[in-house]
1. Taking the mean number of other Cβ atoms within 10 Å as a proxy for protection, how do you rank 128-141, 193-206, 59-72, 262-275 from highest to lowest?
2. Please give the length that would be gained between residue 132 and residue 52 if that part of the chain were fully extended, namely 0.36 nm times their separation in residues minus their C-alpha to C-alpha distance (nm, one decimal).
3. Please work out whether the range 35-101 counts as rounded, prolate or oblate from its C-alpha gyration tensor, where a ≥ b ≥ c are the square roots of the eigenvalues and a/c under 1.5 means rounded, while otherwise a/b larger than b/c means prolate and anything else oblate?
4. For residue 116, list long-range residues whose amide hydrogen, built 1.01 Å from N in the peptide plane, is under 5 Å from its own amide hydrogen.
5. What net charge do the residues around residue 87 carry, taking every other residue with its C-beta under 10 Å from that of residue 87, with Lys and Arg at +1 and Asp and Glu at -1?
6. Assign one of three labels to the range 67-111, namely rounded, prolate or oblate, based on the Cα gyration tensor with a ≥ b ≥ c the square roots of its eigenvalues; rounded applies when a/c is under 1.5, prolate when it is not and a/b is larger than b/c, and oblate otherwise.
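Just so it is clear, none of the values below were taken in a lab; they were calculated from the coordinates. No experiment lies behind these values; they were computed from the predicted model shown. No Cβ is skipped: glycine too gets one built from the backbone with ideal geometry, and neighbour counts run over all protein chains shown.
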Amino acid sequence: MRAYKPKKKIAFEHFPTKIKQSTISYFAQREREMWLFNRKGASGFSASSTAEEVTEGIDGTGLTAIVTGGSSGIGTETARVLALRGVHVVMGVRNMTAGREVKEAMVKGNPTAKIDAMELDLSSIASVRKFAEEFNSSGLPLSILMSHGNTIHAFQRQHRTTICNKPPRYNGLSAYGQSKLANILHANELSRRLKENGAEITANSVHPGAVATDLFRHHSFVSGLIGLLGKYMIKNVQQGAATTCYVALHPQVKGVSGHYFSDSNKVEASPQANDSELAKKLWNFSLNMIDGCTPVS
């Protein structure tokens, strides 16, 4: 089975706004139901499906994918599986040493893999622009863009190096939750604008599920909880990368845009995440934040 080849596909994982308790409860309840009962959805896949399983038999030869955060966790597994299916993967990584090590390990396991590592720090607009310029100059086509980075999260950390309108105090877990909501809102608004302009590009948001990665390594309580409950409710990295790989390559997603995916199935997001006015507000806020941030010399 050969993967379809749209001109471009953009999948955004990750505006400060207060998250409603109902939104948090909605996602938490759905996560428990899907994982504990391990139910297969309409796609034929479930929370326990792995990235290799959801892309089995798919040929991605000729496609080029940019995968941010490719040097660790879900990003690494996503890059590995896409390369396994014949996709030329360009990993955007902040730490080039780690990126090169990951690339070498992947090529060792799959000698025919086409993988490149390019420097990219999502917390720096200058780095993002440099990355885009270098990619454009490479002459490679862009088929798939998969953002595993928390750009909003990263910008909110820049209290000492950037002048922006920011909250007076920063809370990592709260910002992470906000960025997940922003991810869905952003993808929805991007999809709307692409459709309005007649562009043959799809944009969707993806929730990998609760995954045992080092994302919360600086939060001892959360890390301890993951260690305690991991074997019962937490996905491994192979399962966590499944939904991103499914949306990137599977023919079932051909032409689908502006939707939210979890456990390799199209699902309904919370009412707050589907708020079109909030999505427009986020879009404008993002533009103002990018244009209004002045680096401190």
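1. Working: 128-141: 12.9, 193-206: 17.1, 59-72: 22.1, 262-275: 19.3.
In descending order of packing, they fall as 59-72, 262-275, 193-206, 128-141.
2. Details: separation 80, 0.36 × 80 = 28.80 nm, distance 2.90 nm.
Additional length available on full extension: 25.9 nm.
3. oblate
4. 89, 90, 91
5. Local net charge: +1.
6. Since a/c reaches 1.5 but b/c is at least a/b, the shape of the range 67-111 is classed as oblate.
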